[in-house]
Amino acid sequence: MTDQLDTHCQLPSGGWHKTTNNRQAVLVVPPIILNMLSGLGIRLLVFALLVLLVFFLPRMLPGDPVEVFLASDLSRNLTGAESAELRAQFGLAGDWPQQLGVYLWDLIRGDLGYSVPHAAPVSELLRASIPWTLLLITCAAPIFLLAGAAGGIEAGKAPGAFFDRIATGVVTVVASIPPFTSAVLLLLAFGIVWPVLPSGGSEPFFPSSNPLQRDFDIARHAVLPVLALSLHEISRFYFLARGEAITLSQRPFILNACGRGIKGWRLRTAYYGRSLFPVFLARMSDALTGLFGAVLFVEIVFSYPGTGHLIYNAILDRDYVLLQGAVIVMAGLVLLLNWVIDAVATSLARRG
């Protein structure tokens, strides 16, 4: 007697259907799922190595983090018991294997430690600062992506033309300016010399009780940091769009569209833009690390209460625990966003 088993088979569209097999059940996993799982495994391995690096590197450096912290005026005249308790809060009680075990167990439980200078858990400090960092990135991303794509397509459609020479020259100059320098220049221009925008912070010292007014104040305070971050990132996407547009201009489907009289907005969006979208996604995945690095400098210049400003204060305060927790969380966030963008880009590439 032959047993009949249900088998899930993949449809051409990536779905599933059941068939009957007289011998065994075969489960066919969509390639996109396999690719996502593989990418997730690699990033989890990278994150695990980074966690170990964050643990071992400070302990291999010369000096004692607790003694350095106690050298400040903040922590003078501590008793031996208080010093021992502080060492335990820093995760430095016991030998290295014991410290590593406590460190990993705390991470699994979501405990990033306690910041003595801020008198608050590190997780609460990061929970309050990360939304401000994500606000700047979320507002800046559409600006530098759309501006880079529009300018690059226009320049690549006619390389060597007047617009290409002017735009490429200007973007080349902008690309040579570090993010903290452009932030300082914007601060001097629009916050001090011509004070039309707030020069620092995320909202007024006394926020309005009116929700609409408060949102407007937050938006005004974010203009200069978002502009500084956009100027830093626009160059890489401009040159990417320009190079791709030069190549696309020689492709048969573009030549055919031009021959049929398609031009203007439709040509730039439906033909150039759709072809650039997967390329931009792939580059965005690579640019995440630089984007988060740039936003840290921008937040420091504008005293914006994001993770960059928090890390800067942790360095000044010698807050070893806060610095360690911030590095782990930011690295995990970058790896997570990188994984999501790579999965979307791979899906689009498979669909053509």
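The values are calculated or read from the model by the stated rules, or taken from the named source; none is laboratory data. Keep in mind it's a predicted model, so treat the numbers as computed, not measured. Positions of Cβ are backbone-derived with ideal geometry, glycine not excepted, and every protein chain shown enters the neighbour counts. Keep in mind that these areas ignore ligands, DNA and RNA; they rest on the heavy atoms of the full protein, side chains included. Shrake-Rupley method; radii C 1.70, N 1.55, O 1.52, S 1.80 Å.
Does V184 satisfy the condition of being closer than 16 Å to A241 by Cα, of a type outside the set (D, E) and part of a helix (DSSP H, G or I)?
Here the answer is no, as V184 does not meet what is asked.
Could you list all residues from region 163-178 that are over 23 Å from the mean Cα position of the chain (by Cα), open to solvent by less than 50 Å² (accessible area, probe 1.4 Å) and under 23 Å from A287 (Cα atoms)?
A167, T168, G169
I'm told G160 meets every condition in (1) within 17 Å of A245 (Cβ to Cβ); (2) among the small types (G, A, S); (3) surrounded by 16 or more Cβ atoms within 10 Å (Cβ to Cβ) except one. Can you identify the failing condition by its number?
Exception for G160: condition (3).
Return the residues of region 294-328 that are open to solvent by 40 Å² or more (accessible area, probe 1.4 Å) and within 12 Å of the chain's Cα centre (by Cα); say none if nothing qualifies.
L296
Does A241 count as out of contact with any Lys or Arg (no Cβ under 6 Å at 6 or more places or on another chain), among the small types (G, A, S) and under 20 Å from G160 (Cβ atoms)?
yes
All but one of (1) more than 30 Å from V173 (Cβ to Cβ); (2) within 24 Å of the chain's Cα centre (by Cα) hold for N210; state the number of the condition that does not hold.
(2)
Please work out which residue is nearest to F292 (Cα to Cα), limiting yourself to region 114-140 and to residues that are small (G, A, S) and surrounded by fewer than 17 Cβ atoms within 10 Å (Cβ to Cβ).
Step by step, filter region 114-140, then rank; the result is A128.
Please go through region 179-214 and give me each residue that is surrounded by fewer than 12 Cβ atoms within 10 Å (Cβ to Cβ) and out of contact with any Phe, Trp or Tyr (no Cβ under 8 Å at 6 or more places or on another chain), ordered by number.
I192, V193, W194, P195, F205, F206, S209, N210, P211, L212
Can you tell me which residue among I166, I143, I130, I137 is free of Cβ contacts under 8 Å to residues at least 40 places away in the same chain and not small (G, A, S)?
The conditions single out I166.
Working only within region 180-198, note down all residues that are in contact (Cβ under 8 Å) with a residue 12 or more places away in the chain and either basic (K, R) or more than 11 Å from L227 (Cβ to Cβ) (or both).
F180, V184, G191, P198 - these are the residues of region 180-198 that are in contact (Cβ under 8 Å) with a residue 12 or more places away in the chain and either basic (K, R) or more than 11 Å from L227 (Cβ to Cβ) (or both).
Could you go through region 91-113 and let me know if any residue there is surrounded by fewer than 17 Cβ atoms within 10 Å (Cβ to Cβ), within 28 Å of the chain's Cα centre (by Cα), among the small types (G, A, S) and closer than 25 Å to L296 by Cβ.
Yes, that holds for at least one residue.
Can you name the number of the only condition in (1) in contact with a Pro (Cβ under 7 Å, 6 or more places away or on another chain); (2) surrounded by 20 or more Cβ atoms within 10 Å (Cβ to Cβ) that R220 fails?
In the conditions (1) in contact with a Pro (Cβ under 7 Å, 6 or more places away or on another chain); (2) surrounded by 20 or more Cβ atoms within 10 Å (Cβ to Cβ), R220 misses (2) alone.
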